[in-house]
Amino acid sequence: MPAYLLQLLDTKLASTAAFVVPMSQMADLIIETLAFTLIGLVLFAIAFWIIVKVSPFSIRKEMEDDQNIALGIVIASVIIGIALIVSAAIHG
């Protein structure tokens, strides 16, 4: 391979290097991951509970019996929005 291709390949792969974590920090990372997972699940549950309480109709009936796709899209967008907020909180 020509030298310029090797240099280009090296610069492209440099940003995808794996992160190596010392074992002394592993327990802290696992605890942080579990904490953010718990926070995310609680936020999802609260958001869904709010949607159920605010809506003037039965979410279960609309989703299962009437197969309301628009309602599913709205609920999915709320879940994705909360996921973006939680991921931004994790990355700082």
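The values are calculated or read from the model by the stated rules, or taken from the named source; none is laboratory data. Treat the numbers as computed from the prediction; the structure is a model and nothing was measured. Every residue, glycine among them, receives a Cβ derived from its backbone with ideal geometry; neighbour counts consider all protein chains shown.
Among the residues of segment 1-50, those identified as within 27 Å of I82 (Cα to Cα), surrounded by 10 or more Cβ atoms within 10 Å (Cβ to Cβ) and either of a type in the set (F, W, Y) or modelled with pLDDT under 65 (or both) are F36, F44, F48, W49.
Taking I82 as the residue in question, decide whether it is in a helix (DSSP H, G or I) and in contact with a Leu (Cβ under 8 Å, 6 or more places away or on another chain). Considered against the rule, which asks whether it is in a helix (DSSP H, G or I) and in contact with a Leu (Cβ under 8 Å, 6 or more places away or on another chain), I82 comes out as yes.
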